[in-house]
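One structure is given below, encoded as structure tokens.
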Protein chains: 2
Amino acid sequence: MSIEDLSIILKEKGFKVTPQRLAIYDMLKNTKSHPSIDMIYNSLKDNFPTMSLATVYKTVDMLKKLNLVQELNVGEGSFRYDANVASHPHVICYKCHRVDDLEDADFDDLIEKVNKLTDYDIKNQKLYFYGYCPQCKGKDTAK
Amino acid sequence: MSIEDLSIILKEKGFKVTPQRLAIYDMLKNTKSHPSIDMIYNSLKDNFPTMSLATVYKTVDMLKKLNLVQELNVGEGSFRYDANVASHPHVICYKCHRVDDLEDADFDDLIEKVNKLTDYDIKNQKLYFYGYCPQCKGKDTAK
DNA sequence: GTGTTTGCAAATATTTTGCAGTAAG
DNA sequence: CTTACTGCAAAATATTTGCAAACAC
């Protein structure tokens, strides 16, 4: 979704269109790095000298509630974010903590499978696969 | 694994066998609630009046490194722990935040599948399924 | 102009660390 | 008796909140 589309959605919902909101969404939309709040803040503060962490937190929370970003819990002390809201697995490097999408995989049938196995009414899934990325694998120094 | 077995392992590794360590592992072993550090601390402090949060953090970290507990990141502000270290999916209630095991499911083939799809060397997986538990489903008030 | 948003600073929550006293072996 | 461990308190880290000034509309 483009910045223009975001502007339309924000207006429809009665939210104001601010440069900070557009910049944060634009940054998330144009990266595959699955950044944390801090990484978003640091990548934007040069162009927005007054950008604050609080604004990044508030904006990401809003985007999450609008279902325009998804939150990942890869096992670090902080969350990471992905503007690709389609349910897709993530692979995480034990060593360099890189987070990549696994886009070609079709694991959507798992929700149905799990629904049959439990009395829960399952709506969503988060699948994380851990190992060593191409750059880190082979090089000793384990986990 | 029993408290006695834990004692043996601790001794083998050169760690001391303390009442706190046994109590924390025993608590984790005998619950299916996937407690957070705080929940462990609160459930033990009545019987161990001097139990401290720091000791719970340190002990759980040790158990994690010994591969006697696994850490879950279900999307809250803190981690949860499971003394069942076998790789098994978890189901989480959006409403009451209950975390249950999905023990009958066999999803072990996913690691192989993912290994073929990426250049990562995948070693482990964490699968989370979100929805409404039997007690919460049906009752309005969404997510 | 009105009402929301920003960004600072303070507050809260979670986890880690330093260290003196305590307990395990 | 020696060394590791506990538990307190302080520090470090992550996130949330209150509020005055600034901005969107």
Longest principal axis of chain B (C-alpha) makes with the long axis of helix B:19-29 (C-alpha) an angle, in degrees to the nearest 10, of 20 degrees
Which of the residue pairs B:K13/B:K123; A:K11/B:K139; A:K139/B:K16 have a Cα-Cα distance greater than 27 Å in the structure shown?
A:K11/B:K139; A:K139/B:K16
Tell me, what are the semi-axes, in whole angstrom and largest first, of the equivalent ellipsoid of chain B as set by the roots of 5 times the Cα gyration tensor eigenvalues?
29, 23, 12
Grab the alpha carbons of the range B:60-99, take their convex hull, and tell me the volume per residue in Å³.
69 Å³
Indicate the residues belonging to the range B:97-119 that lose 30 Å² or more of solvent-accessible heavy-atom surface (probe 1.4 Å) upon moving from the chain alone to the assembly of all protein chains, ignoring ligands and nucleic acids.
B:L102, B:F107, B:L110, B:K113, B:V114, B:L117, B:D119
On a 0 to 90° scale, report how tilted helix A:53-65 is relative to the longest principal axis of chain A, with both axes built from alpha carbons and the result rounded to the nearest 10.
70 degrees
What's the total accessible area buried between chains A and B, using a 1.4 Å probe, rounded to the nearest 100 Å²?
3100 Å²
Which distances, shortest first and in nm, link B:N84 to the matching position in the other copies, using label points set 7 Å out along Cα to C-beta?
3.1
Take the alpha-carbon centre of the range B:84-142, take the same for the range A:115-130, and report the distance between them in whole Å.
5 Å
Convex hull volume per residue for the protein assembly as shown, taking Cα atoms only, in Å³
178 Å³
Pseudo-label separations to other copies for A:G14 - Cα-to-Cβ vector, 7 Å, nm:
6.4
Could you identify the residue of A sitting closest to the A-B rotation axis by Cβ and state that distance rounded to whole angstrom?
A:N73, 2
Residue-averaged 222 nm ellipticity for chain A, from DSSP H runs of 4+ at -39500 (n - 2.57), nearest 500
-10500 deg cm²/dmol
Rolling a 1.4 Å sphere over the protein heavy atoms, what is the accessible area per residue of the protein assembly as shown, to the nearest Å²?
54 Å²
Label spacing, shortest first and in nm, from B:K64 to its equivalents in the remaining copies (7 angstrom along Cα→Cβ):
1.9
Going from the alpha-carbon gyration tensor of the range B:86-143, what semi-axes, largest first and in whole Å, does one get by taking the root of 5 times each eigenvalue?
30, 12, 8
How much of the accessible area of the range B:86-143, probe 1.4 Å, is carbon plus sulfur, in whole percent?
47 percent
Compute the acute angle (0 to 90°) between the alpha-carbon long axis of helix A:3-12 and the principal axis of greatest extent of the alpha-carbon atoms of chain A; round to the nearest 10°.
70 degrees
So if I take the centroid of the Cα atoms in the range A:20-69 and the same for the range B:4-33, what is the distance between those two points in Å?
43 Å
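The values are calculated or read from the model by the stated rules, or taken from the named source; none is laboratory data. These numbers were taken from a predicted model, which means no experiment stands behind them. Please note: Cβ atoms are built from the backbone with ideal geometry, for glycine as well, and neighbour counts cover all protein chains shown. In case anyone asks, the SASA skips ligands and DNA or RNA and just uses the protein heavy atoms, side chains included. Shrake-Rupley method; radii C 1.70, N 1.55, O 1.52, S 1.80 Å.
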